[in-house]
Amino acid sequence: MPDKRPDWLKVKFRSDPNFEEVEKMLDRLSLNTVCAEANCPNRMECYSRRTATFMILGRICTRNCTFCDVTKGQVQPVDPEEPLNVARAVGELNLNHVVITSVTRDDLPDGGAGHFAQVIEKIKEINESIVVEVLIPDFMGSISALSEVVAAKPKIVNHNVETVPRLYPGVRPMASYRRSLDLLQNVKNLDSRMFTKSGIMLGLGEKKEEVVEVLRDLRKVKCDFITIGQYLSPSKNHHPVVEYIHPDTFEEYKEIAVNMGFRYAASAPLVRSSYHADEVSKLLDS
Ligand code: SF4
């Protein structure tokens, strides 16, 4: 475990009235965000920019990724009001680009895909032009579940591969690297015009050539957008940080990704899969 966090990972952010307002609204509408559940270092900034990544299907996950701060255990019933409440929040925040994610619900027959579709539809009822990005679980590889989400026509389907295949047993034990790549390919098979996005964390013990290989694999399944950020351990009980990667190295990966044909690559220590997600908006009509 490296010593203390380097300066480039220190977040200097002053809270502002928007932050409290967003927190109150989320509470009033009984909504969860991955921002809060995963203790994201950018939460202050994003809430103050009046944006958030809504986490649907409860706060409890059926999986046990060792890097993740989301609670694991006995899952909660799905809230039938959630699609409408998310849409209300999107309206109140006047969002042009919204990211919807979820815990993994392997306990549900469709993994929660139908609920994702309802959330997308409710948001589009408010305003058809809102960019809806869904950051989805792997639905255990179910094509019928994935088809339900794709049929609801989000603009971007995001699914993180999170790390390099060699590290999966220790980082994402219930996931499969191949299954995640196949999901991204299947989105394109179902709708070739739909944008896909993925993300990877660094600092878990991966080698440079392994990261480049993951970028190559993602381009093979026609992934359009990539996010690359530094892993930060939520606690001593989570996967340790093996290395703090220098910002220059992130710049190198960004260049490699762009040269490989990614239409957008965000690569820096504090980048997260939905951080400044709206920056791709200008690419979506081209
Ligand atoms: S599946 Fe997602 S929410 Fe569940 S533990 Fe893994 S990263 Fe966290």
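For region 255-285, what are the residues that are more than 18 Å from the chain's Cα centre (by Cα) and either free of Cβ contacts under 8 Å to residues at least 24 places away in the same chain or assigned to a helix (DSSP H, G or I) (or both)?
Within region 255-285, Glu255, Ile256, Ala257, Val258, Asn259, Met260, Lys282, Leu283, Asp285 meet the criteria.
Assuming Glu252 fulfils every condition listed in (1) under 21 Å from Val131 (Cβ atoms); (2) modelled with pLDDT of 95 or more; (3) of a type in the set (Asp, Glu) apart from one, which condition is it?
(1)
I'm checking my understanding of the structure. Among residues of region 41-66 that are assigned to a loop (DSSP other than H, G, I, E, B), more than 14 Å from the ligand (Cβ to nearest atom) and closer than 23 Å to Asn237 by Cα, which one is modelled with the highest pLDDT? Write out each step before concluding.
Residues of region 41-66 assigned to a loop (DSSP other than H, G, I, E, B): 41-42, 49-52, 57-59, 62-66.
Adding the requirement that they be more than 14 Å from the ligand (Cβ to nearest atom) leaves 41-42, 49-52.
Next, from what is left, pick out any that are closer than 23 Å to Asn237 by Cα: 41-42.
Numbers: Pro41: 76, Asn42: 79.
Once the filter is applied, the top-ranked residue is Asn42.
List the number of the failed condition for Lys222; all other conditions in (1) part of a helix (DSSP H, G or I); (2) over 26 Å from Arg63 (Cβ atoms); (3) of a type outside the set (S, T, N, Q) hold.
The one condition Lys222 does not meet is (1).
Of the conditions (1) more than 14 Å from the ligand (Cβ to nearest atom); (2) touching a residue at least 60 places away in the same chain (Cβ under 8 Å), Asp110 clears all except one; give me its number.
(2)
Which one of these is free of Cβ contacts under 8 Å to residues at least 40 places away in the same chain and over 22 Å from Glu251 (Cβ atoms): Ala152, Ala175? Lay out the reasoning, then the answer.
On the way: Ala175 fails: free of Cβ contacts under 8 Å to residues at least 40 places away in the same chain.
The unique qualifying residue is Ala152.
Taking the residues in region 67-84 that are modelled with pLDDT under 95 and not in a loop (DSSP other than H, G, I, E, B) as candidates, determine which candidate is most open to solvent (accessible area, probe 1.4 Å).
Lys72
The values are calculated or read from the model by the stated rules, or taken from the named source; none is laboratory data. What you see is a predicted model, and the numbers here were worked out from it, not measured in a lab. So basically every Cβ, Gly included, is an ideal-geometry build from the backbone, and we count neighbours across all protein chains shown. Ligands, DNA and RNA are stripped out before the accessible areas are found, and what is left, the full protein with its side chains, is counted by its heavy atoms. Shrake-Rupley method; radii C 1.70, N 1.55, O 1.52, S 1.80 Å.
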